[in-house]
Amino acid sequence: MIGIIVDGEVNDEYMKTLETLSKKIKFIDADPMVKSSKALKDVQPEVERLRQKAVSKIFEFVIQKFYALRKPKTNIQILQQSVLLKYKYTIIFLKEHAKEIYAEVRVAYIDTMNKVLSAHFRAYIQALEKLQMDIATSTDLLGVETRSTGFLFSIGKESLKTRSSVFALGERINILKEIDQPALIPHIAEAKSQKYPYEVLFRSLQKLLIDTATSEYLFTDDFFGEESIFHDIFAGPIQVVDEHFNAVLLNCYDAIGIMLMIRIIHQHQLIMFRRRIPCLDSYLDKVNMSLWPRFKMVFDLHLNSLRNANIKTLWEDDVHPHYVTRRYAEFTASLVHLNVEHGDGQLDLNLERLRMAIEDLLVKLAKMFSKPKLQTIFLINNYDLIIAILKEAGTEGGKAQLYFEEVLKSNIAIYVEELLQEHFSDLIRFVKTRPADETATSSEKVGIPEVEPLVKDFASRYKAAIELMHKDVITSFSNFLCGMEILRAALAQLLLYYTRLTECAKRINGGSALNKDLVSISSILFEIKKYSRTF
């Protein structure tokens with residue numbers, strides 16, 4: 001035993017011999033009978049010298065192994081699993097028989113891994129930063145006029161492509177499906193000249209962090225048998241990641257990117273929960289807690305850009321959907337989509353505030369048109385676009401969609417009346433002022449002189465008027481299907497008014513004289529069908 005401990009190499013045989021030595025030391029300490037024996041006086045100095053020799057040998061051996069971890073391009077996990085864990089007993093021996101030396105070894109390991117992992121993350125972050133594609137600046141807001149932000153003069157096609165990403169989720173949603181993919185390898189991405197929105201880099205960095213932490217946590221727990229070591233080691237790497245992330249967040253105006261990061265962190269919390277590794281709980285909570293206020297701040301910038309929008313610069317003399325409406329709809333659809341599985345009440349509340357702001361803005365823009373009919377057309381076109389985009393998002397468009405469907409309906413009813421008033425105002429006025437049934441008193445009865453001009457006028461003009469209404473609808477509404485629905489509603493309403501006129505004519509004394517001028521309902525239906533054939 002002396003031979004092996006003094007001259008032997010540290011290997012399996014050495015471990016077994018260490019265990020034997022440990023038993024002897026414990027035996028001396030444990031048995032009071034031994035304390036008084038003469039044999040002990042002979043042996044004790046030898047045992048003590050052996051203990052000291054073993055301790056110094058183990059210390060040198062372990063520290064040397066720790067230094068190997070510092071070498072560039074070392075695969076740390078392989079070294080930990082296949083080398084260090086084999087010599088786990090050396091640590092147990094130090095813990096039991098040389099507490100001060102164990103403390104030194106512990107400090108040496110913490111110091112080594114803290115430096116190695118901090119440097120590792122620092123280098124990884126520097127490499128990632130080269131891959132970042134900037135999506136939004138502080139001026140890329142919903143209610144900002146396109147011309148004023150230099151959108152049109154921005155650099156090349158690339159920026160125009162990312163412009164749509166400011167408000168629309170598009171392909172960016174895919175990052176949530178790739179949550180468990182390995183972290184990006186920066187030099188490969190750089191070689192391909194690839195650039196990514198920040199949430200892609202964020203997922204990669206956090207994935208690397210949770211995987212490294214999992215591995216380190218399991219190793220330190222196994223090798224040293226104490227959890228607190230992990231937190232001492234990871235204080236460095238977490239600080240490196242935090243400094244980078246806080247700097248990025250401070251300049252981040254990409255609300256959709258921030259919401260994606262919130263969802264990524266949530267997924268990573270679930271992964272760690274399933275792994276039953278609690279070591280990053282407080283870190284992940286902290287990241288989540290810093291993302292929400294930033295999201296709220298950027299969201300409020302968008303909200304205020306709608307509330308304080310300059311109507312004069314935004315207004316264009318055009319009844320088609322406004323670009324701010326498209327931005328609003330894409331932005332809302334994106335956030336609704338990201339909230340589907342989470343049902344976040346706070347986000348719903350914010351979207352409700354945004355809806356009120358866009359509606360307010362659209363009504364103000366509509367009032368810039370001189371004619372009431374143009375105001376209504378403008379509102380219908382914008383509401384219709386919002387509904388279409390919310391439906392397209394493939395999610396339940398939420399409360400906003402239901403709300404806009406209601407206001408669209410009421411505006412269509414207003415437009416139908418305005419359209420019919422243009423062509424048949426006398427007919428409508430007459431019908432609306434007459435009782436519809438037999439209850440009319442004698443003073444309210446009408447005679448042929450009042451009805452005949454209306455009947456003749458309708459017969460001579462109705463075909464041309466329907467054609468004009470058709471043209472009006474076709475040119476006014478950007479969504480063909482919506483336009484056709486509106487035309488159908490207008491023609492159905494016209495039919496209703498005309499039916500009431502014919503009933504009135506039939507009730508007049510001598511009303512049969514008007515029969516030759518009355519247009520049959522089937523003739524009108526034939527005309528209506530002509531314009532509905534597009535279905």
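Simple spin-label estimate for Val248 and His187 gives 2.2 nm between the two label positions (7 Å along the Cα-to-Cβ direction from each Cα). Here each label is just a point 7 Å from Cα along the line to Cβ, and for Gln421 and Val107 those points are 8.9 nm apart. As a calculated quantity, the FRET efficiency between Glu226 and Gln81 at R0 = 22 Å, using C-beta atoms, amounts to about 0.70. For Leu495, the shell of other residues with beta-carbons less than 15 Å away shows a net charge of +2, using +1 for Lys and Arg and -1 for Asp and Glu.
Shape class for the range 224-297, computed from the alpha carbon gyration tensor (a ≥ b ≥ c): oblate, with a/c not under 1.5 and a/b at or below b/c.
The long axis of helix 372-392 is offset from the longest Cα principal axis of the chain by roughly 40 degrees. The protection proxy used here, the mean number of other Cβ atoms lying within 10 Å of each residue, ranks peptides 82-92, 293-303, 41-51 as follows, highest first: 293-303, 82-92, 41-51. I want the local charge near Asp29. Using Cβ-Cβ distances under 13 Å, sum +1 for each Lys or Arg and -1 for each Asp or Glu among the other residues. It works out to a net charge of +2. Over the range 1-97, Cα pairs under 8 Å with separation of 6+ residues give a relative contact order of 36 percent.
Each Lys and Arg contributes +1 and each Asp and Glu -1, all at the Cβ; summed about the Cα centre of the range 1-97, the dipole is approximately 340 debye. For the chain, adding -39500 (n - 2.57) for each run of n ≥ 4 DSSP H residues and dividing by the number of residues yields -25000 deg cm²/dmol at 222 nm. In this structure, Met297 and Leu481 have a Cβ-Cβ separation that, at R0 = 35 Å, corresponds to a calculated FRET efficiency of about 0.35. Our coupling estimate for the range 38-45, obtained by passing each phi through the Karplus curve with A = 6.51, B = -1.76, C = 1.60 and θ = phi - 60°, is 5, 4, 4, 4, 5, 7, 4, x Hz, Gly and Pro reported as x.
Backbone amide hydrogens, once placed in the peptide plane, bring Asp517 within less than 5 Å of nothing, excluding anything fewer than 5 places away on its chain. Once the 1.4 Å probe is applied to the protein heavy atoms, the chain comes out at 51 Å² accessible per residue. Pairs exceeding 27 Å between alpha-carbon atoms, taken from Lys373/Lys529; Lys312/Lys471; Lys463/Lys516: Lys312/Lys471. Would you please classify the overall shape of the chain from the alpha carbon gyration tensor, given that a ≥ b ≥ c denote the square roots of the eigenvalues, rounded means a/c under 1.5, and beyond that prolate means a/b larger than b/c while oblate covers the rest? Prolate shape, in that a/c is at least 1.5 and a/b is the bigger ratio. The apolar share of the surface of the range 1-97, taken as the fraction of accessible area on carbon and sulfur atoms (1.4 Å probe, ligands and nucleic acids excluded), comes to 56 percent.
The values are calculated or read from the model by the stated rules, or taken from the named source; none is laboratory data. Just so it is clear, the structure is predicted and the values come from calculations on it, not from any experiment. Using ideal geometry, Cβ is built from the backbone for each residue, glycine included, and neighbour counts are taken over all protein chains shown. Surface accessibility is based on the protein's heavy atoms, side chains included, excluding ligands, DNA and RNA. Shrake-Rupley method; radii C 1.70, N 1.55, O 1.52, S 1.80 Å.
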